[in-house]
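Have a look at the structure below, then the notes.
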Amino acid sequence: MLTSAFYFIAFVTIFFAIMVVVSKNPIHSVLYLVLTFFCISANYIFMLDATFVGMVNVIVYAGAIMVLFLYVLMMMNLNAIAEQKRSVLFKISAAVTGGMLLLVLVAALKDANLQIQGSALEAEQRIGSIKVLGYVLYSKYQLPFEVASILFLVAMIGAVVLGKKDNSTKTIGIEPVK
Amino acid sequence: MQALSNRKKVLEQKKMTLVERLYLPAIFQGMGITLRHFFRRKATVHYPEQKRSVPAVFRGLHVLRKDENGAERCTACGLCAVACPAEAITMEGGERKAGEEHLYREEKYAVKYEINMLRCIFCGFCEDACPKEAIFLETTFAPASYDRNDFIYGKDRLVEGFKRHELVSPITTLKEAQEANK
Amino acid sequence: MIPQIFQTVPIEHFVYLSAVLFVIGVVGVLTRSNAIIIFMSVELMLNAVNLLLVSFSSYHQDPAGQIFVFFIMAVAAAEVAVGLAIITMIYRNTHSVDINDMSRLKG
Amino acid sequence: MTLLSLLPTLILIVALFAVTMLVALYSTFAERKVAAFLQDRVGPNRAGPGGIFQPLADGVKFFMKEEVIPVASNKFLFVLGPCIAIMCALMTGIVVPWGDTLTLFGASIPLQIVDLDIGILYVFAVVSVGVYGIMIGGWASNNKFSLMGAIRASSQIISYEISMGLSIVALLLVTGTMSLHEIVTQQHGMHWNIFYQPLGFLLFLICAFAETNRTPFDLPECETELVGGYHTEYSSMKLGFYLFSEYINMFISGAIMATLFFGGYNFPFMDNLLQATGSQNLVTIIGTAFLFLKIFFFIFFFMWVRWTIPRFRYDQLMNLGWKGLIPLGIFNVVATAVGLLFFRN
Amino acid sequence: MSNVDSALILEKLKTQFGDAIHSPEEPYDLLTINCSREKIVPLLEFLHNDTVLAFNFLTDLCGVHYPHRAAPFEVVYHVHSFINNIRLRIKVAIAGDPPKVPTATSVYAAANWMERETYDFYGIIFEGHPNLKRILNVDEMTIFPMRKEYPLEDNTRKDKNDEMFGRDPKLILAGK
Amino acid sequence: MLTNNQHIKLGVQELEKETMTLNLGPTHPATHGVFQNIVEIDGERIVSGTSTIGYIHRAFEKIAEHRPFYQITPLTDRLNYCSSPINNMGWHLTVEKLLGIKTPKRVDYLRVIIMELARIADHLICNSILVVDTGAYTGFLYCMQLREKIYEIWEEVCGSRLTTNIGRVGGLERDFNDIAFQKLENFIKDFPPVMKDFENLVMRNRIFIERTVGAGPISAERAMNYGFTGPNLRATGVDYDVRAMNPYSSYEEFDFIVPVGTKGDTYDRFLVREEEMWQSFSIVKQAIQKLDQLADKTTYHADVPAYYLPPKDEVYNNMEALIYHFKIVMGEIDSPKGEVYHAVEGGNGELGFYLISDGGRAPYRLHFRRPCFIYYQAYPEMVTGSLISDAIVTLSSLNVIAGELDA
Amino acid sequence: MEVITSAEKKIITVDPPEGLVGTGFFATSLDKVVGLARKNSIWPLPFATSCCGIEFMATMASHYDFARFGAERVSFSPRQADLLMVMGTIAKKMGPILKQVYEQMAEPRWVIAVGACASSGGIFDTYSVLQGIDQIIPVDVYVPGCPPRPEQIIDGLMRIQDLVQNESRGRRNSPEYQALLKSYGIETVNS
């Protein structure tokens, strides 16, 4: 049962992901992407026993990042603006590129050593649980954690500075037409 | 600008104090006030079961009054129609025939007397205008209805004695007014 | 407790799934010209990587993979905040989010 | 896992669904009555004795009303919006421990549908997804007022989620667990978290107001500015879903607040009662009743506040969120951490 | 509070504008002067800017229609000096079809809508007005309803008998 | 390099137009009446606005040219329907000025009571609606209860709640009876606690203060230039009040202050109206005192038989009275030719009546100086640059009454 | 077949089409239940333009408390309203807007004309005022008065309630109703 569930979810994920790329309306794209994220979270939670990551995925991606996207799109009222059409040739070449990349990826990862370690199979503790993750995060990966938080802070400040509406910067990029 | 009279008084916008800046005290004060009202006696009058009292001078529905002998007072002089700002009154005069003295007080009477209650603004000028004290605004009301033709009130519904749509009890006494706020 | 899925679904399948998602993201970046959709395709690629990391982490019973997912999420969130701010800014100036229009920022 | 062992859970789910709906239904009635009483009125009293069938009347009317879907709208999303809203509102309840264990026919049944070890995160995730209902509905209506309502809703909920998260972080420092069941168990015997986290509770309360779109944070639908906000174009039961989800959200946030800060189903002299009667079932039932009492108080509180104070302006709301609550939240986290460092041992 | 009175105002205006100001009256204690069409804006400017008179406030502006006069329209300005607490009524008689008068919006912002209203009612064109179009009535209206020749009613009312009110319905329809 | 990209429109205007057009009204809930404001918004900020009015244009001035003098009173009722009695009195004072009627002191005081109650009623509506528009509904209902008390008093005097048609040329239709005075006393007792409740609810609440301070400000110079009067002008700091400057109806005998604000924003308008209500309340109390002190306890109209309807029983018995009765009702009273302007301090400011009489049955021309109509044109200027929420509270605080606006 | 007295409009509530609803117990009691429910949950859209609007405020307020009838949720969005309360003068300039609001309302919808102006034009028999809103939209109940006392407004609401309670569910689809709307030039959404 679980196996077929996996294939079902995988199929749905790929379908939604494709819809993200092919949707005309950016808002639809956002909504499809949200669904994709839900599917990926479902994978985490139900297939991979990584509940914490799954929840955080929902909160961060679906709950915050995509709301932000939606917010920006709604504020700009972008659905009214038609996107420029790319030529068919361009699209085909992009698809071919993508396909080749896929080949390379699959070829590269196919032969990776994917044996499940015997010791891991007997592990008592669920490695997806908060306790384990918390312990690892705050011991082994403490420095990266701190760096990440500084990155966050910088990004926040940057976003505020960028987003701030300043009348003096209003004409940046407009003059060049001559 | 200089003061134009000696009555000027400036209301300063007071700066918010620290306590006021905290939002919560004012909110709790407000909530206290509303909570006090929560337990207060309700002001609601349960219309239509209960009816509010209105003063006797209230300008409600018109009535064509009769005199003490039961004869109609109206003499179809048309003053009320002239005085009507909404031009809602229409009448037709007729000569009283012999033997109708108990019905009509004067020699002329209104054969047809119609008020369009949808037009009427209940200003009371018709009552003021009537030299015979025939038309009078009562404390009852013209009821709501489904059909606009229903609002042309003829003599059948205007002459005294017709069953009125009692919306409110008619008269307030001084005593009631005194007790109103206890 | 070990996920039951290990017995039936080989890890290769997760690999293929995330590879496909990644490629879809790449194709999205290449074909679309709306900056926001490109952005979203990038998010999709990041998520493909996340999926791969989590599946490896689960199959290998090594929490490090999941820790990396958190770092990726953190970076993604930061990137989105700054990126969207930039897009908003550009939109405000050019009334467009088309990447072709953005080229004229050069001159 | 046999079907029989699932039966209690299924019954519990159905019961939870029914109770939530009922409470939400009667919250609408209570709202009108409370508002009326605060305003020296009597409120609806004509539908049935004392007006108790008022919500049913509203419900039936909603169902029988014509469905209007604006021509210019996106039909699928237009329908999807309210569905998401009410679904997310209903989903939260499953992690809340509604009571202690009941022992029936020899089997002990915990009155909690699932006890996730990351229960709080689950609540958080569902709440953060709930905003899609409003955003999608508002956008799909293709109406400027709706769109503005949707935009306001999204920015408001994102902003207040942060301080809500911070207040929970501080709480988690105290409890050391994310399982709602454990949090409740820890508070047994009047060790209610409100005593350790008063500031955290205040923050959580304010954020709960914001997340449920209640006055003073009802900007997404504030009728004097945006007519109906995001639900301007909605009629019939789709509107009903939106209104309903607001009340369900109120109920659930009341439950979460009671669980996190007010001891959940714990009540004073619980142990004494257990000793005196020896019946765990009785204590459980009384506990559940107490939990509901607490929830009802919060619902009343929500209404009381709504009918008392004015609402914020959009920028003031953002100011309060970012410059007021988030720093306070961070301060609370730090203070809690320091406090734990010094006093725990 | 000050010694500005009608005589002083009149004297000042006479020296400034001479014959453009004529036939002053004082009905019910309100100084009323007539002004020629050309001088009205300078007059208002003078009244507004003069530091002694300081007529800083345009109380009212309206039109009147006298169909039997040579100049059938009149625009009446009421200005008020807050400091001296004195009012002044200025009348401008205008002839011509369409009647035209310069706008006072440059002196008093308040004149904007009042002039639009006057235009709406009487069809008086205020030259130089920033946005002279109908304000109260629908844009499609072709008549200027306050002119005396137009009836009050639009005669769609069916529920009355005009004879009751001393009017002959036929005459009314004929626009008399 | 850029010329190839035809779709890029780089006209500055095109780039600037990132605004959205929002249509507030004519049925928007915040307009509380009917007028339309079309605002261009950028996000939540208003870039520009235009107002369209005339949605309930009823042609008052045209009707007035067709109605005898006394029938114009019901029209004035419907002008500013929040404070009809002031309009009634204003009209009667104008006609009295034309006819040269001097009213007795008792009439003046009774009129003052009625007018000040009307001012309280008007400001109650305005301020409580302002509070409703900031989101607090409850205070509004407390105020409405107080207003109901005022209605009761009027009802006792004239027989109607809202469109009072109160007063007659030369006086009042009827005297205040004992019940009216009793109700007045009850009102005096009720007023302070209700107002205190209302003020405590919002006045020092930070949310309310922040919503209103700085919303829709206007400077004194601009306000005067725009023809502001009444509380809205006083909020800017100009103490212009017709009652103080050109007293009518014996206002000069009353002790009251003219409150003024400092910044001319919504909060100032709110404060000024609150203070004015207290002042009106004190005037009412003074008027009652003065009535008590007067020796005359029965006069309620001037002795002008040619203009004031005789009592009904005299109409029967007295030929002269009958003639007057017919003349008055037919509208054939002798009125002089002339022009008169009279202003009273209405709920919204200087309410003026410019009456041209040609000696006929009806006014030759009657122009209403409607304060709302004149100051409302400043609204787009006041809200430009502010947020939508500000625009809405500004609108409520201006107290634009559609009946008065459109006439 | 029941005729609701309306000589001008001839609104006739017909029996529902055969087959759709039988005369069985279920259909009639469903009608009854729906009628009762709708009756007690009339959400008004106050189209208040002038004086009557102020009296409507008084009706909403504590002394009269419109809420008792389940009608306190004033919805300014026409989609959500059941009852259009037209209160005050409707000028010719306003007419099209009123009609538009009516058209935007979802069925079943009712209209009540409160006060002299809305019902007939009142004293304003002038070039700019519509002489009664029934020239542009169908009106179910008229309330006289200028303005009507709150009691009268409540009375009008109770008339509406009677109408609502006794309306059969088929009425809005009946050809008579469609014809009525057509006579006003109003497009029907459902048919």
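The values are calculated or read from the model by the stated rules, or taken from the named source; none is laboratory data. These numbers come from a predicted model, not from an experiment. Don't worry about glycine lacking a Cβ; one is built from the backbone with ideal geometry, like all the others, and counts go over all protein chains shown. Just so you know, the surface numbers come from the protein's heavy atoms only, side chains and all, with ligands and any DNA or RNA stripped out. Shrake-Rupley method; radii C 1.70, N 1.55, O 1.52, S 1.80 Å.
Observations, loosely collected:
- Calculated P(r) tail over 29 Å for region F:68-366, as whole % of Cα pairs: 37
- Rg and Dmax of region G:42-163, Cα atoms only, in Å: 13.0, 40
- 5 angstrom amide H check on residue B:4, placed H, neighbours 5+ away: F:239
- Signed unit charges on C-beta, dipole axis of chain F, positive-most listed residue F:214, F:104, F:331: F:331
- Estimated D of chain B in µm² per second, where Rh is the Kirkwood radius over Cα pairs and Stokes-Einstein applies at 4 °C, 1.567 mPa s: 61
- In a reduced charge model with +1 at each Lys and Arg Cβ and -1 at each Asp and Glu Cβ, the protein assembly as shown shows a dipole moment near 1520 debye about its Cα centre.
- Debye-formula intensities of region C:9-99, expressed as log10 I(q)/I(0) at q = 0.12, 0.15, 0.18, 0.19 Å⁻¹, are -0.45, -0.65, -0.82, -0.88 (one equal scatterer per alpha-carbon, no solvent).
- Relative contact order, whole percent, for chain B stands at 26, derived from Cα pairs under 8 Å and 6 or more residues apart.
- For the protein assembly as shown, the spread of Cα positions along the three principal axes, ordered from largest to smallest, is 125, 81, 68 Å.
- Residue E:142-residue E:26 pseudo-label distance in nm [points 7 Å out on the Cα-to-Cβ vector]: 5.0
- A dipole drawn for the protein assembly as shown from +1 and -1 charges on Cβ atoms has a positive end, and of G:153, D:87, D:169 the residue lying farthest that way is D:169.
- Applying the Karplus relation 6.51 cos²θ - 1.76 cosθ + 1.60 with θ = phi - 60° to region E:14-22 yields 3J(HN,Hα) values of 4, 5, 7, 10, x, 6, 4, 9, 9 Hz, where x marks Gly and Pro.
- Shape metrics for region F:43-192, restricted to C-alpha atoms - Rg then Dmax, Å: 18.0, 60
- Per residue accessible area in Å² of chain F, where ligands, DNA and RNA are left out and the probe is 1.4 Å: 26
- Estimated Rh, chain D: Kirkwood, alpha-carbon pairs, angstrom: 21.2
- Chain F, dipole about Cα centre (Lys/Arg Cβ +1, Asp/Glu Cβ -1), debye to the nearest 20: 320
- The simple Förster model, with R0 at 60 Å and r as the Cβ-Cβ distance, assigns residue F:384 and residue G:173 a FRET efficiency of 0.75.
- Contact surface D-F: accessible area buried, both sides summed, square angstrom, 1.4 angstrom probe: 2500
- Filter on B:155/G:32; E:100/E:148; D:33/D:144 - keep pairs with C-alpha separation over 29 Å: B:155/G:32; D:33/D:144
- Binned Cα-Cα distances of region A:1-78, short to long, each 5 Å bin given as a whole percent: 4, 17, 22, 22, 17, 10, 5, 2, 1
- Residue D:52/residue D:319 FRET efficiency (R0 41 Å; Cβ-Cβ; nearest 0.05): 0.45
- Placing a pseudo-label 7 Å from each Cα along the Cα-to-Cβ vector at residue F:66 and residue D:66 gives an inter-label distance of 3.8 nm.
- Between residue E:51 and residue A:164, the C-beta separation translates, for a Förster distance of 56 Å, into a calculated FRET efficiency of about 0.75.
- Rg/Rg_globular for region F:215-305, with Rg_globular taken as 2.2 N^0.38 Å and Rg from C-alpha atoms: 1.36
- Averaged over residues, the count of other Cβ atoms within 10 Å places the peptides G:95-104, C:15-24 in the sequence C:15-24, G:95-104, highest first.
- Amide H within-cut-off set for residue F:369, under 5 Å, with H built and near neighbours excluded: F:352, F:353, F:354
- Computed from backbone phi, the HN-Hα couplings of region B:94-109 come to x, 7, 6, 8, 5, x, 9, 4, 6, 8, 10, 6, 9, 6, 9, 8 Hz, rounded to whole numbers (Karplus: 6.51 cos²θ - 1.76 cosθ + 1.60, θ = phi - 60°; Gly and Pro given as x).
- Close amide H contacts of residue F:346 (hydrogens built in the peptide plane, cut-off under 5 Å, sequence separation of 5 or more or a different chain): F:351.
- Taking every alpha-carbon pair within region G:109-191, the share separated by more than 16 Å comes to 59 percent.
- Set E:133/G:99; D:294/D:323; B:108/B:132; B:66/F:312; B:8/E:12 screened for pairs whose C-alpha atoms are more than 20 Å apart: E:133/G:99; D:294/D:323; B:8/E:12
- Ratio Rg/Rh [Cα only; Rh per Kirkwood] for region E:6-143: 0.97
- Cβ-defined net charge surrounding residue E:116, 9 Å radius [Lys, Arg +1; Asp, Glu -1]: -1
- Table column - 3J(HN,Hα) (Hz), region F:78-84, Karplus curve with 6.51, -1.76, 1.60, x for Gly and Pro: 8, 7, 10, 6, 6, 9, 3
- For residue A:131, the aspartates and glutamates whose Cα comes closer than 20 Å to its Cα, not counting residues fewer than 8 places off in the same chain, are A:49, A:122, A:146, C:62, D:115, D:117, D:182.
- Dipole of the protein assembly as shown, positive direction: furthest Cα of E:71, G:54, D:99, with charges on the beta-carbon: D:99
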